[in-house]
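K.L.:
Here it is, the structure, as structure tokens.
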Amino acid sequence: MRRAEGGYTLVALLAMMTILALFAMALAPSIQQQAQREREKESIFRGEQVADAIRAYYINRFQTLRLQGDQALPSSMDQLLEGIPVQGGAKKRQILRASAAHDPLSPNGEWRFVRPRSQALIDFQRAILFYAGNLVPTPQDRQMAQLQQLAVPMITSVLNTGTDQKSSDSSSIDDDSSGPFVGVSPRNKNKSVLTYYGIDELDQWIFTPLFRQ
């Protein structure tokens with residue numbers, strides 16, 4: 001009798017373990033998606049900090065050195081991390097946290113730099129136009145508004161065809177180039193869980209001060 005009861009207990013235990021395993025397998029995709037969502041939120045948070053730092057760096061160079069256009073833009077992440085001079089002082093003001101210089105979505109943690117007048121930037125502008133109903137946000141800062149005109153050819157409208165069109169390989173255009181950059185983008189070609197200005201491809205997200213009011 002005891003052997004029979006022990007057998008029933010073992011069968012019940014195995015059945016429960018099987019149910020728990022199936023339950024865990026069912027939850028796994030949801031857990032992975034939630035983890036990806038959190039990484040994307042962090043990438044957006046850090047990317048917009050980089051965009052703010054580019055803006056601060058550019059305005060400082062414009063005001064103190066009377067530089068504009070490409071000459072006033074940063075050409076390395078280190079320049080943003082070093083900060084900008086404080087008027088009348090020897091110290092520099094921090095404009096970018098060290099953690100924001102790394103992208104949680106990129107395999108190597110490095111941002112892809114987006115250059116002025118690049119195809120990637122033009123495609124991003126087109127996506128914003130499509131998302132915002134043919135309205136491109138214009139920066140309130142005079143310096144940023146001027147830079148917007150210099151850094152990206154303006155598109156007045158896009159056809160409402162149900163999709164925004166972009167070049168076939170715009171995400172790789174800036175990878176091997178050097179020089180000033182006006183934004184950053186993840187080095188990740190996967191689809192996103194979240195959307196950024198309606199964009200669901202990670203390597204098409206661009207964080208730049210050019211379209212921020």
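K.L.:
Among S43, S75, which is over 20 Å from D141 (Cα atoms), in contact with a Gly (Cβ under 7 Å, 6 or more places away or on another chain) and among the polar types (S, T, N, Q)? Steps first, please.
P.N.:
Details: S43 fails: in contact with a Gly (Cβ under 7 Å, 6 or more places away or on another chain).
Residue meeting the stated conditions: S75.
K.L.:
What are the residues in segment 180-212 that are over 24 Å from L147 (Cα atoms) and either part of a strand (DSSP E or B) or of a type in the set (V, I, T) (or both), if any?
P.N.:
K191, S192, V193, L194, T195, D200, E201, listed by residue number.
K.L.:
In segment 53-91, what residues are touching a Phe, Trp or Tyr at 6+ places or on another chain (Cβ under 9 Å) and within 19 Å of R212 (Cβ to Cβ)?
P.N.:
I54, Q68, A72, L73, P74, L80, I84
K.L.:
Would you pick out the residues in segment 95-144 that are of a type in the set (G, A, S) and touching a helix residue (DSSP H, G or I) at 6+ places or on another chain (Cβ under 6 Å)? Break it down stepwise before answering.
P.N.:
Going residue by residue through segment 95-144, those that are of a type in the set (G, A, S) are 98-101, 106, 109, 118, 120, 127, 132-133.
Passing the criteria: A100, A101, A120.
K.L.:
Related question: Can you tell me which residue is farthest from G47 (Cα to Cα) among those in segment 108-152 that are touching a strand residue (DSSP E or B) at 6+ places or on another chain (Cβ under 7 Å) and part of a helix (DSSP H, G or I)?
P.N.:
A127
K.L.:
Here are the criteria: (1) part of a loop (DSSP other than H, G, I, E, B); (2) closer than 30 Å to A35 by Cβ; (3) in contact (Cβ under 8 Å) with a residue 40 or more places away in the chain. Tell me which single one D52 does not satisfy.
P.N.:
Checking D52 against (1) part of a loop (DSSP other than H, G, I, E, B); (2) closer than 30 Å to A35 by Cβ; (3) in contact (Cβ under 8 Å) with a residue 40 or more places away in the chain, the one that fails is (1).
Read-outs: derived from the displayed coordinates by stated rules, not from any lab. Bear in mind that the values here come from a model prediction, so they are computed numbers and not experimental data. Cβ: placed from backbone, ideal geometry, glycine included. Neighbour counts: every protein chain shown.
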